[in-house]
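What follows is calculated from the coordinates using simple rules that are stated; it is not laboratory data. Quick caveat: nothing in here was measured; it's all calculated off a predicted structure. Every residue, glycine as well, gets a Cβ built from its backbone with ideal geometry; the counts of neighbours run over all protein chains shown.
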Amino acid sequence: MALSGAISGGEGRENKRPRETELKLALDPALAERLWRHPLWKGHAPGRTVSRQLRAIYFDTPDLLLARAGVELRVRRQGRQNIQAVKARGAYAAGLAQRDELEAAVPDAQPHAVPVPERIADADLRQLVEQAVAEGLAPIFETDIRRWERSISYGGGRLSVCLDRGVVRIGAKESALCELEIELEEGAVGLVFALAQELLTHVPLRVAHTGKSKRGYDLLLDRQPRPEKADRPALDRQMLLEEVLSLSVRSCVRQIAANEPVVCQGDDPEGVHQMRVGLRRLRSLFTVFAPVLPTEQAAHFKAELKWLASELGPARDYDVFREEIVRPVQAVFPAAPGMAGLLAESDRMSALAYDRARAAIADRRYTRLLLDLSRWIAEAGWREQGLTETGAQLFAPARDFADALLDRRSRKLRKNGKRLMAGPPADRHLLRIYVKKMRYAAEFFSGLYPKKKTEPYLKALAALQEVLGHMNDAAVAESLLLPKGMAGLSGKDLQRAHAAGLILGWHGHASSEGGRKLDKLWRRLRSGEIFWRRPALSPKP
């Protein structure tokens, strides 16, 4: 018997599902007709295609009360009807939205006509909407969309598929969109992803992380994509391990997805950094939870995440090289021979590295990875394993697993730390990996313990990791700066070598200072109080 059959309930397996479960995919408008007319639809008993022009007005208070609460309120003109919709904040993972939605016909599209709070069953949502009505609702933005819609039979269930093309508009400002929505009508949530994966083999698609409402508010507030750091999910000390796993995976995927548009559209180096942090956290998660996960699943995701991290790596390396290695030295020696040329060369290499990163994000392999992760979360895919004592830990208190894991990692770090700290750069790099693994594991489970105990330990790990990171950056810079052969240099090569010498000398001195800091930070970590309960006998790795 598999775990999924032995255990009832749990995330992704509820008999009750939110009213709206849909996946949004973005595509090139030039490919929209090709996708909609593709022969594959004929194999799924498609109903008649309905084409409609949908105009909707979104409302909010002057201080954007609804937006701050994650609630949408709109009135859409559909044929001769005005349909009011209230959508609550719900679960979201890599394009899949699962949330409650209330629709009702209203007389017109004027602000006074919406909403109708009495029809909202959820008390908190009703109170919020009543407050918004009392404060005064006004039109914020509008959408003008041409929609093609069909219902299909798929995998024993039924799906609604919509192709939307149009704009989000505020006065003269517009944001164009072209997206495919796959909504679950009947059946398992996995059908939504199965269709998306099938479509992906025929047409390039991207997971759409920005819905119409967010587009509108971004347009209103003139918001550009901004880097986002990892959030720390709110955990309950009584949680089961499966619940911690699900929340932690969602957190990692959110961080990856949130920074994707910064890498693709912006020029903030923090975007690629935070996206890579999200990838590292997720790879670490699959190692942390490996004892309770199906081996093939974990191996698949780790391999795909490693591929993506390697494609983004050079962009991050050159960001660090320019901003943290070269520019501090240039600020002190602005006229040094070769410095300007070195920066120009690094700019050129950085542009190539970003082209590589953006190409990876545009690749179908990346879309497939996000869809696989989102499906895995939605279906609680980790349950697809035999009913074993190890797998059953998923349904035991998370603290038991966390105590043993954190103690094991702490012992390994303490055993090797002092020796590695005194060794060559390769040893310090290995120490950095140990510290990073300890920090990620501690962060995943920190919500299970009192904050006043976890924060000092996490801060000590972060400080140690930061110093080791700077020392590693200097080592990476050396590989970027030094040519394969130094003999017979002249002209520009000689100037470059001069600039490289200045930079390496500067950061070599900084690394020696960092080495002195390391000893102090290491003593601070070792003397700090651990926050987990030390098991009588830690299990072997």
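Mind checking the range 323-408 for GluC sites (Glu not before Pro) that DSSP puts in a loop (not H, G, I, E or B) and that have at most 14 other Cβ atoms within 10 Å?
Of the GluC sites (Glu not before Pro), the ones in loops of the range 323-408 whose Cβ has at most 14 other Cβ atoms within 10 Å are 389.
Across every pair of non-identical alpha carbons in the range 319-474, the mean reciprocal distance, once inverted, gives a Kirkwood radius of 20.0 Å. Local charge sum around residue 403 (other residues, Cβ-Cβ under 11 Å, Lys/Arg +1, Asp/Glu -1)? Around residue 403, the surrounding residues sum to +2.
The spread of Cα positions in the range 237-363, taken along each principal axis and listed from longest to shortest, comes to 61, 34, 24 Å. Quick one: which of 436/517; 306/453; 24/436 span more than 29 angstrom between C-alpha atoms? In this structure, 306/453; 24/436 exceed 29 Å between Cα atoms. Take the Cα of residue 28, step 7 Å toward its Cβ, do the same at residue 202, and the gap between the two points is 1.7 nm. For a straight C-alpha distance cut-off of 23 angstrom, the lysines reachable from residue 173 (same-chain residues fewer than eight places away being disregarded) are 212, 214. If a/c stays under 1.5 just call it rounded; otherwise compare a/b with b/c (prolate if a/b is bigger, oblate if not). Do that for the chain, with a ≥ b ≥ c from the square roots of the Cα gyration tensor eigenvalues. Note, shape of the chain comes out prolate.
For a Förster distance of 51 Å, can you work out the FRET efficiency between the beta-carbons of residue 459 and residue 144, rounded to the nearest 0.05?
Step by step, r from the Cβ atoms, then E = 0.50.
This model, with +1 at the C-beta of Lys and Arg and -1 at the C-beta of Asp and Glu, gives the chain a dipole about its Cα centre of some 1680 debye. Could you work out [θ]222 nm for the chain from helices alone, using -39500 (n - 2.57) per DSSP H run of at least four and dividing by all its residues? Round to the nearest 500 deg cm²/dmol. Dividing the helical sum by the residues of the chain leaves -17000 deg cm²/dmol. Computed over the range 241-527, the Cα gyration tensor eigenvalues convert (square root of 5λ each) into semi-axes of 38, 25, 15 Å, ordered from largest to smallest. Looking at the chain, do any whole DSSP H helices span at least 24 angstrom along their long axis by alpha carbon and average -1.0 or above on Kyte-Doolittle, and which? For the chain, where a helix must reach 24 Å along its axis and average at least -1.0, the hits are 241-265, 269-288, 295-320, 339-362, 425-445, 451-481, 491-527. Can you tell me how the range 140-279 classifies by the Cα gyration tensor, rounded, prolate or oblate, using a/c under 1.5 as the rounded cut? Oblate.
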